[in-house]
Amino acid sequence: MTDDAPAIARAVGTGARTTPGDSPVGQPVKFYQVGSFAAGNRLLDEAHRSVQSTLGRTNSLTSGHRACQGCGEALGARYALDAAMRAAQGRMAVVNATGCLEVFSTPYPETSWQIPWLHSLFGNAPAVATGVAAAYRAKGRDDVRVVGQAGDGGTVDIGFGCLSGMFERNDDVLFICYDNEAYMNTGVQRSGATPPGARTATTEAIGREPGNPFGQGKDMPRLAMAHQIPYVATATVAELHDLEAKVEKAMSLRGARYIHLFVPCPLGWGSAPHDTIRLARLVKECGLFPVFEAEHGEVTSVSKIRRQVPVEDYLRLQTRYRHLFGSSEPGGSEGRPDIVERIQRIADANIRRLGLLDETLDEGPPPDGSGGGLSDRAAAGVL
Amino acid sequence: MLRQIEGSRAVAEVVSMCRPEVVCAYPISPQTHIIEAVGRKVKSGELAPCEFINVESEFAAMSVSIGASAAGARAYTATASQGLLFMIEAVFNAAGLGLPIVMTLANRAIGAPINIWNDHSDAMAVRDSGWVQLFAETNQDAADLHIQAFRLAEEVSLPVMVCMDGYVLTHAVERVDLPGQQEVDSFLPPYVPRQVLDPSEPVSIGAMVGPEAFEEVRYLAHVRQLQALELIPEVAGEFAEHFGRPAGGFVRPYRTEGAETIVVAMGSVLGTIKDTVDALREKGTAVGVLGITSFRPFPGAALRDGLAGAKRVVVVEKAFSIGFGGVLSTDVAMALTGLSIPVSTVVAGLGGRPIMGKSLAAVFVDADHGRLGELTFLDLRKDLIDKELARMADRRRSGPTAENVLRDAQSVLPSLT
Amino acid sequence: MFQVRIHGRGGQGVVTAAELLSAAAFAGGLWSQAFPSFGSERTGAPVVAYCRIDDHEIRTREPVVEPDALIVQDVTLIHQVDLFAGLKPEGYVLMNSGRSFEELGLGDLVLRLPRDHMLNVPATELALKHTGRPVPNAVLLGGLAAVSGVVPLDAVRDAITQRFTGSVAEANVAAAQEAYDFVKNEEGVLAHASPD
Ligand SMILES: Cc1ncc(C[n+]2csc(CCOP(=O)(O)OP(=O)(O)O)c2C)c(N)n1
Ligand code: SF4
Ligand SMILES: [Mg+2]
């Protein structure tokens with residue numbers, strides 16, 4: 001936790017002694033993420049609190065599911081769907097692709113879903129969601145909102161055709177991709193969202209380019225933008241306010257909307273379960289995962305990097321990158337500093353392209369939260 | 001060399017020795033260990049020259065295999081269940097084009113309800129696709145059948161699917177005699193395509209065929225399957241000579257001499273059935289078993305010969321045609337036309353339900369006493385069925401059946417087995 | 001035929017344990033079959049794996065329902081899974097625990113089985129001590145070799161060194177050896193405590 005310590009102190013520092021943990025009606029709220037950025041909001045006044053810190057939250061994905069310890073996907077799904085449920089005033093249905101989230105949430109006859117939920121197949125969730133939305137429309141139930149969701153595999157690979165079609169038709173569906181950068185459900189194989197250098201079961205750490213090769217993979221948020229849909233956003237599980245604001249914004253619009261949520265996977269990444277939030281924060285702070293919003297194909301806001309860190313700080317916490325770093329054992333490998341350097345260049349390019357550092361600041365929207373500047377607000381230290 | 005090895009690994013070893021030039025697959029349980037192991041061999045340079053391609057779906061995996069094969073490469077892929085269905089259009093296409101792709105099918109049930117465990121519904125779903133379908137009884141068998149599969153496929157220009165039971169075989173660690181590279185090389189010559197995308201001799205492959213010739217082209221596909229029917233025993237014989245152990249062929253009889261009841265089955269359940277047959281024989285019940293290795297082409301004559309002496313036939317199968325009954329048993333009954341040997345179907349092991357020797361023995365004894373009905377579901381929980389039917393009769397919105405049944409089951413079943 | 005059922009949780013190397021045991025049996029010239037319970041469970045969920053050992057080919061594909069030996073890698077499963085279902089009257093039980101069977105609330109089990117067929121080994125501690133990781137599987141195989149003699153310790157050692165390399169293999173071999181010695185020692189104590 002060493003380099004987190006000052007940041008946490010900062011988050012908890014203000015007003016630390018004002019009714020910590022108390023909800024509006026004076027009952028203790030169950031906080032899952034104490035000691036991290038995710039729940040720091042409990043110290044804020046009510047208007048600024050996250051959906052997660054309210055008693056009224058749905059707990060769409062409630063406890064009892066079978067995800068691994070520290071599963072970012074489980075966390076992200078509850079965060080996103082609770083926010084969507086609030087925005088939809090409780091009238092919502094979810095279509096889920098095959099994947100970890102589907103499997104760990106529904107060990108039939110038990111289910112962790114407290115909302116209407118449908119699983120059909122791995123590759124068709126966007127189309128099924130379109131169908132659900134069409135049915136509601138036909139029945140005059142436009143008030144019921146539809147969310148489709150999938151892992152990165154179900155989104156960028158096998159479901160991509162259906163997703164692109166859903167975007168292109170501008171169907172009234174919010175689609176959320178929980179990106180843990182591989183096929184976790186089947187035992188950590190590469191997907192089209194696996195980053196270069198990462199070891200998976202089908203991109204082993206052997207050969208000239210150990211791990212996943214460079215130059216492959218899809219930048220799904222930008223592909224979504226290319227469809228000119230009303231709303232595209234990226235977010236991580238580390239920045240709860242930002243995520244909730246984006247979900248809320250998406251729910252305020254009609255037509256095809258897309259949120260790409262970064263969710264660390266301790267099992268697949270070989271990271272410590274307690275590092276999930278830290279990794280989600282580091283990936284943004286190093287520039288590898290730009291956090292931004294776009295409307296109708298144009299970027300409307302970016303979440304600035306608060307304190308830039310080298311990609312190495314992020315990579316080193318994960319054994320999927322272990323081969324990139326030498327071992328100190330006698331006869332151990334030298335590692336691949338050249339590959340770490342190439343990954344750093346990817347981060348640098350992201351930073352340049354989106355102006356993620358203050359020095360490179362382009363004219364962003366005003367920091368008061370109007371006009372889609374929600375991520376800027378988050379970056380400015382509300383969290 | 002004798003190895004104690006996981007079935008998937010054994011298949012990966014053998015497939016690599018067959019020197020595929022393009023391997024393209026999409027992960028799905030329980031096939032993953034196979035492609036991961038082949039992938040490692042390609043990445044480490046142990047299998048070269050070979051392109052290992054990670055794609056975005058099974059549909060792409062089979063499509064890549066089609067392209068590779070049409071361009072003259074030896075192509076290999078593997079899948080299961082939903083994956084096979086996801087690629088089904090390309091599966092039919094590969095056979096229609098006559099491309100000798102070899103695919104491992106790690107047999108798994110088909111959803112809904114989603115289920116990752118073993119049965120044969122996936123293989124049966126593509127029964128009519130034009131692929132040769134071979135079923136492995138053990139991991140030794142699975143390994144050996146892959147070597148034969150490439151030989152067969154390329155000689156008759158048809159794709160071959162080697163079916164091995166998901167988990168039961170793919171994830172079982174057991175003794176397998178793996179051949180050496182030279183042995184495989186001398187059995188399996190390099191691939192010489194009948195049709196190939198060759199710039200120096202351009203051909204068009206896969207164009208439209210209208211009513212004037214479609215039936216003939218289809219018939220020729222059938223003829224090629226019939227050619228495979230001739231080739232299968234030949235290749236099996238050569239294999240036995242070359243590698244010093246039997247594998248492949250049409251059918252495998254076990255204690256059928258003097259058997260009044262002969263059980264017919266495919267895949268790994270044959271092992272449990274053989275143990276059961278031994279136990280029953282000891283008690284004087286005249287039962288034997290005939291295992292089918294080649295399901296497509298269907299060895300009707302061999303089956304007829306093997307079953308002709310029986311008073312009755314019991315087909316144990318891990319799939320069924322909903323609204324009708326047995327799939328394999330229909331074919332078996334066809335093969336016995338005119339012999340007036342009654343055929344009973346026993347559907348067993350759906351979705352990974354363990355097939356217990358005890359239950360099989362009871363069914364075989366029933367058959368021996370002439371008490372076995374036409375269609376039996378092994379170890380079916382009647383109480384659960386009745387409960388759900390009652391629930392459905394009771395109220396319109398009875399809810400998802402799968403959930404209801406599972407809830408009932410868990411309230412009474414022990415957690416094990 | 002000797003049949004072993006291994007219980008544990010995802011992440012504890014339950015399947016590896018069954019595979020190692022089968023490799024050890026194979027090394028000793030026996031036939032053996034190891035297979036998992038085929039779940040789709042994640043880290044921490046109850047997991048079962050099986051191993052059969054015989055001196056001729058094993059054909060059956062049934063799950064092991066009447067085990068000759070049970071290995072329990074995680075005693076917190078006692079209240080979650082019917083661990084002892086089908087256990088043969090002369091069966092062996094090897095549990096990963098520093099506590100006695102009575103302390104674990106398994107007094108009635110003690111009455112059912114031969115006393116020297118039941119042992120607790122603090123396998124996680126031994127694993128931590130030798131390998132630095134709380135993975136008790138290889139350790140317990142050392143214990144099984146000692147308590148049942150179904151495979152010799154040498155074969156377990158060979159299986160471990162074939163599966164792992166370098167310091168990981170060495171550490172696991174040392175841990176298995178210590179578990180073996182621990183069990184042999186316990187058996188000595190038991191033999192004195194209950195001469196009948
Ligand atoms: C047609 C088809 N192919 C393959 C599978 C096997 N499968 C199920 S989930 C999955 C990977 C899921 O990856 P992702 O979408 O990234 O979700 P995650 O499990 O990582 O959350 C695969 C390959 C399937 N169910 N259906
Ligand atoms: S494997 Fe990864 S995504 Fe799946 S439940 Fe575990 S932590 Fe979550
Ligand atoms: Mg994923």
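The values are calculated or read from the model by the stated rules, or taken from the named source; none is laboratory data. None of the values given here were measured: they were computed from a predicted structure. Because the Cβ atoms are built from the backbone with ideal geometry, glycine has one as well, and the counts that use them run over all protein chains shown.
For region B:47-88, enumerate the residues that are among the charged types (D, E, K, R) and modelled with pLDDT of 95 or more.
B:GLU58, B:ARG74
Among the residues of region B:387-401, are any surrounded by 16 or more Cβ atoms within 10 Å (Cβ to Cβ) and assigned to a loop (DSSP other than H, G, I, E, B)?
Within region B:387-401, none of the residues are surrounded by 16 or more Cβ atoms within 10 Å (Cβ to Cβ) and assigned to a loop (DSSP other than H, G, I, E, B).
Which one of these is away from ligand 3 (no atom under 16 Å from the Cβ), more than 14 Å from chain B (Cβ to nearest Cβ), in a helix (DSSP H, G or I) and crowded, with 24+ Cβ neighbours inside 10 Å: A:ALA233, A:ALA250?
A:ALA250
Counting only residues that are away from chain B (no Cβ under 14 Å) and either in contact with a Lys or Arg (Cβ under 6 Å, 6 or more places away or on another chain) or acidic (Asp, Glu) (or both), give me the helices (runs of 4 or more DSSP H) lying completely in region A:62-175 with at least 2 of them.
A:72-87
This table checks each residue for (1) more than 16 Å from ligand 1 (Cβ to nearest atom); (2) touching a Phe, Trp or Tyr at 6+ places or on another chain (Cβ under 9 Å).
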| position | (1), (2) |
| --- | --- |
| B:LEU2 | yes, yes |
| B:ALA25 | no, yes |
| B:LEU84 | no, no |
| B:GLY96 | yes, no |
| B:LEU99 | yes, no |
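Give me the pairs, please: first residue somewhere in region B:31-51 and of a type in the set (Gly, Ala, Ser), second residue anywhere and assigned to a helix (DSSP H, G or I), beta-carbon distance under 8 Å, and either six or more positions apart or on two chains.
Qualifying pairs under 8 Å: B:ALA37/B:SER8; B:ALA37/B:ARG9; B:ALA37/B:ALA12; B:ALA37/B:GLU13; B:ALA48/B:VAL42.
Only one residue in A:ALA138, A:ALA80, A:ALA133 is farther than 28 Å from A:VAL188 by Cβ, away from ligand 1 (no atom under 11 Å from the Cβ) and in contact with a strand residue (DSSP E or B) (Cβ under 9 Å, 6 or more places away or on another chain), so which one is that?
So the residue among A:ALA138, A:ALA80, A:ALA133 that is farther than 28 Å from A:VAL188 by Cβ, away from ligand 1 (no atom under 11 Å from the Cβ) and in contact with a strand residue (DSSP E or B) (Cβ under 9 Å, 6 or more places away or on another chain) is A:ALA133.
Run down A:ALA205, A:ALA201 and say which single residue is surrounded by fewer than 24 Cβ atoms within 10 Å (Cβ to Cβ), within 16 Å of ligand 2 (Cβ to nearest atom) and at the interface with another protein chain (Cβ under 10 Å from one of its Cβ atoms).
Just a single option satisfies the conditions, and that option is A:ALA201.
Could you list, in sequence order, the residues of region A:131-161 that are of a type in the set (Phe, Trp, Tyr) and either without any contact (Cβ under 8 Å) to a residue 40 or more places away in the chain or more than 16 Å from ligand 3 (Cβ to nearest atom) (or both)?
Correct list: A:TYR136 only.
Does B:GLN182 count as modelled with pLDDT of 95 or more and surrounded by fewer than 21 Cβ atoms within 10 Å (Cβ to Cβ)?
It is true that B:GLN182 is modelled with pLDDT of 95 or more and surrounded by fewer than 21 Cβ atoms within 10 Å (Cβ to Cβ).
If only one of A:PRO264, A:PRO221, A:PRO195 is assigned to a helix (DSSP H, G or I), more than 12 Å from chain B (Cβ to nearest Cβ), within 16 Å of ligand 1 (Cβ to nearest atom) and under 26 Å from A:TYR321 (Cα atoms), which one is it?
Testing whether each residue is assigned to a helix (DSSP H, G or I), more than 12 Å from chain B (Cβ to nearest Cβ), within 16 Å of ligand 1 (Cβ to nearest atom) and under 26 Å from A:TYR321 (Cα atoms) leaves just A:PRO221.
Need pairs with beta-carbon distance below 6 Å; first residue under 13 Å from B:SER29 (Cα atoms) and within region B:167-183, second part of a loop (DSSP other than H, G, I, E, B); sequence gap 6+ or separate chains.
Correct list of pairs: B:TYR167/B:PRO30; B:TYR167/B:ASN118; B:TYR167/C:PHE38; B:VAL168/B:ASN118; B:VAL168/B:SER268; B:VAL168/C:ARG61; B:LEU169/B:SER268; B:THR170/B:PRO30.
Does region A:175-188 contain at least one residue that is buried (at least 21 other Cβ atoms within 10 Å of the Cβ) and away from ligand 1 (no atom under 16 Å from the Cβ)?
No - not one qualifying residue is present in region A:175-188.
Taking the criterion of being under 30 Å from B:GLN410 (Cα atoms) and in contact with a Phe, Trp or Tyr (Cβ under 9 Å, 6 or more places away or on another chain), would at least one residue in region C:111-133 satisfy it?
The answer is yes; a qualifying residue exists.
Is it the case that region C:151-167 has a residue that's more than 23 Å from C:GLY29 (Cβ to Cβ) and touching a residue at least 12 places away in the same chain (Cβ under 8 Å)?
There is no residue in region C:151-167 that is more than 23 Å from C:GLY29 (Cβ to Cβ) and touching a residue at least 12 places away in the same chain (Cβ under 8 Å).
Can you pull out the residues in region A:257-278 that are among the small types (Gly, Ala, Ser) and within 9 Å of ligand 2 (Cβ to nearest atom)?
Across region A:257-278, the qualifying residue is only A:GLY268.
Where residues in region B:1-12 are touching a residue at least 60 places away in the same chain (Cβ under 8 Å) and crowded, with 21+ Cβ neighbours inside 10 Å, which of them is farthest from the other protein chains (Cβ to nearest Cβ)?
Out of the qualifying residues, it is B:VAL11.
Mind counting the residues in region A:162-191 that are in contact (Cβ under 8 Å) with a residue 24 or more places away in the chain and more than 14 Å from ligand 2 (Cβ to nearest atom)?
15
Check whether at least one residue in region A:110-125 is more than 12 Å from ligand 1 (Cβ to nearest atom), more than 19 Å from A:LEU61 (Cβ to Cβ) and not polar (S, T, N, Q), and report yes or no.
For region A:110-125, residues more than 12 Å from ligand 1 (Cβ to nearest atom), more than 19 Å from A:LEU61 (Cβ to Cβ) and not polar (S, T, N, Q): absent.
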